[in-house]
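Here's the structure, in structure tokens; my notes come after.
A short reminder: the numbers here are calculations on the coordinates, not readings from a lab. It should be emphasised that the depicted structure is a prediction, and the values quoted were computed from it without experimental measurement. Note that each Cβ is placed from the backbone with ideal geometry, even for glycine, and that neighbours are counted across all protein chains shown.
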Amino acid sequence: MALLELHNIQASYGPSQVLFGVDLEINAGEVVTLMGRNGMGKTTTTRAMMGLTPARHGKIIFDGKDITSLAPYKIAKAGIGYVPEGRQTFPNLTVYENLVATAANHTGTDSPWTVERIIDLFPRLGERAKQYARTLSGGEQQMLAIARALMTNPSFMILDEATEGLAPIIRDEIWHVLEHNLKQSGQAILVIDKHPEAMARIADRHYVMEKGKIVWTGTSKELLDNKDMQHRYLGV
């Protein structure tokens, strides 16, 4: 049974429909990408998963339970960690305070994330533990956003444009953490990103969106081999 399932999800902003029957699934321990050009519905899909833009039609099943109509805080408590586009850390709290502000063992794991484990993962955050989040670089804020989500001990994480606008060295550091730390530990993740080659290395499977619909899905090898699809839907 899949950990997360979306069945025929439709969503709108007011009268403007954005999603037109999205179907996807993610298994426990699996890393999956959602790719596509800007404005195709990727962020709306993640917002529907979190109840921030409620689905008008369809079902969202997480860990065998229907969460379609749940409030966002209940979805978070169910075990979904969300790293939104734009990071959205608490600017007037320190790095340490950001990490502990929403920390919880929502999934009841025997080895929960701690501040010490987070600092091992992202040493820069340890160096800046007493700094306010607003004083961090964009890359450091993104690390903090990922770390804050991990501190809720989710069984499933959503990373929306986790490397958008970051310097290549920071982007590579975050990809390294996804590939060699989180994936190897069995963390299920949905990643929205625009770099097919990096995502093919990190993820197990891939979905591509166009105008609010899933138009392609496949393995990493199929993604890299299909240059025509990349050109048509990803603009590369």
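Summary table below
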read-out: Calculated from backbone phi, Karplus (6.51, -1.76, 1.60) coupling profile of region 120-137 in Hz, x at Gly/Pro; value: 4, 6, 10, x, 4, 5, x, 5, 10, 4, 9, 7, 5, 4, 5, 8, 7, 5
read-out: Three-way shape label, region 87-131, alpha-carbon gyration tensor, a/c 1.5; value: oblate
read-out: Fewest-first sequence of Ile169, Ile26 by Cβ atoms within 10 Å of each Cβ; value: Ile169, Ile26
read-out: Ranking of Met40, Met35 by count of other Cβ atoms within 10 Å, fewest first; value: Met40, Met35
read-out: Overall Cα dimensions of region 6-144 - principal axes, largest extent first, Å; value: 45, 34, 25
read-out: Gain on full stretching of the segment that runs from Met229 to Glu85 - 0.36 nm per residue minus C-alpha separation; value: 49.3 nm
read-out: For the chain, the fraction of alpha-carbon pairs in successive 5 Å shells from zero, as %; value: 1, 7, 14, 19, 20, 17, 12, 7, 2, 0
read-out: Those residues of region 159-198 whose amide nitrogen sits under 20 Å from the label point placed on Arg37, 7 Å along Cα→Cβ; value: 161, 164-165, 192-197
read-out: Anisotropy class of region 44-116 from Cα gyration tensor, a/c 1.5 cut; value: oblate
read-out: Full-extension gain in nm, Glu210 to Asp66, via 0.36 nm per residue minus C-alpha separation; value: 49.2 nm
read-out: Fewest-first ranking of His176, His206, using other Cβ atoms within 10 Å as the exposure measure; value: His176, His206
read-out: Extension gain from Lys130 to Asn105, taking 0.36 nm per residue of separation minus the Cα-Cα distance; value: 6.6 nm
read-out: Tensor-based shape of region 23-72 (alpha-carbon gyration tensor, a/c under 1.5 rounded, otherwise prolate or oblate); value: oblate
